[in-house]
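Note sheet for the following structure.
The values are calculated or read from the model by the stated rules, or taken from the named source; none is laboratory data. This is a predicted model, so every value here is computed, not measured. Methodologically, a virtual Cβ is constructed for each residue, glycine included, from the backbone with ideal geometry; neighbour enumeration extends over all protein chains shown. The protein model used for the area step is the full one, side chains on, heavy atoms only, and it has no ligands, DNA or RNA in it. Shrake-Rupley method; radii C 1.70, N 1.55, O 1.52, S 1.80 Å.
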Amino acid sequence: GDLLGVNIISTQNISTPIRVNPVGEIMIPSVGILNVNGISLTDAGTKISNYIIENTFKNAIVNVTLLYIRRFKVQVLGAVHNPGFIYVSAMDKVYDAILQSGGVQKIAHRDIVQIVRGEETINIKLKDYLSGIDTSQNVVLKSGDIIIVPLSEYANSIGLTSGEYNNHQVIVYGFVNRSSGSDTFKYYPGYTARDYIAMAGG
């Protein structure tokens with residue numbers, strides 16, 4: 001689904017957009033078919049350039065650019081503020097998806113985030129990524145991924161859920177600054193009276 005721009009400078013100049021098909025192949029006019037599945041843009045550019053020079057345009061200068069990145073759906077579940085399906089690209093990572101889903105709740109597990117990818121479940125320590133200890137913990141997303149932010153042990157112990165709480169509201173009134181412009185807020189499991197007073201401006 002990605003769209004590449006291939007520019008060939010030779011005895012004739014050819015500039016053409018080429019879309020990667022579902023099996024990862026591209027059809028280069030006057031050259032042939034090449035598979036670029038599962039490799040980076042840099043590696044794909046090198047592979048395409050070499051293929052064109054070796055097979056058709058011997059002394060050509062070839063430039064490859066990315067014109068459009070395919071977007072796909074992943075699902076984010078558990079202790080995030082807006083669980084559900086979101087659209088991401090192959091450049092997005094787990095933390096990007098969690099931010100798109102409104103961020104984690106206070107009742108979220110402090111250490112583990114899970115990615116269900118087919119038959120495999122990957123446990124990642126997003127806290128290590130955020131603290132700079134291990135950047136590899138912010139895993140690149142793939143089509144069909146399900147991201148699960150588990151509840152904390154405390155939330156499980158007192159029976160809190162991350163379910164239909166968005167249908168409920170908390171009202172703050174009286175001597176508050178109301179910097180938010182509203183006195184009505186969504187109910188978030190684990191938030192205290194002090195949190196809601198702060199949301200109303202203190």
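Taking 0.36 nm per residue of sequence separation and removing the Cα-Cα distance, the THR16/ARG117 pair yields an extension gain of 32.9 nm.
Within 11 Å, Cβ to Cβ, of ILE133, how many net charges do the neighbouring residues add up to if Lys/Arg are +1 and Asp/Glu are -1?
Taking every other residue near ILE133 into account, the sum is 0.
The calculated FRET efficiency for LEU41 paired with THR135, based on their beta-carbon distance and R0 = 25 Å, is about 0.80. Dipole of the chain (Lys/Arg Cβ +1, Asp/Glu Cβ -1, origin at the Cα centre): which of SER15, GLN137, GLY118 lies farthest to the positive side? Result: SER15, furthest along the dipole toward the positive end. The angle separating the long axis of helix 41-55 from the principal Cα axis of greatest extent in the chain is about 10 degrees. If you sort ARG117, ARG71, ARG178 by accessible surface, 1.4 Å probe, largest first, the order is ARG71, ARG178, ARG117. Each label was represented as a point 7 Å from its Cα along the Cα-to-Cβ direction; for ILE9 and MET27 these points are 2.9 nm apart. By accessible area, using a 1.4 Å probe on protein heavy atoms only, the chain has 52% of its surface on carbon and sulfur. Residue separation of LYS93 and PHE175 scaled by 0.36 nm, minus their Cα-Cα distance, works out to 25.3 nm of gained length.
Remark: the SER157-ALA198 segment gains 12.1 nm on full extension, using 0.36 nm per residue and subtracting the alpha carbon distance.
With contacts taken as Cα pairs under 8 Å and at least 6 residues apart, the chain reaches a relative contact order of 15 percent.
Within the listed set GLY132, GLY102, GLY78, the Gaussian network model of the chain (springs between alpha-carbon atoms below 10 Å) gives the highest mean-square fluctuation for GLY132. Averaged over its residues, the chain has an accessible area of 59 Å² per residue, based on protein heavy atoms and a 1.4 Å probe.
Magnitude of the charge dipole for the chain, about its Cα centre and with charges confined to Cβ atoms of Lys, Arg (+1) and Asp, Glu (-1), is about 320 debye.
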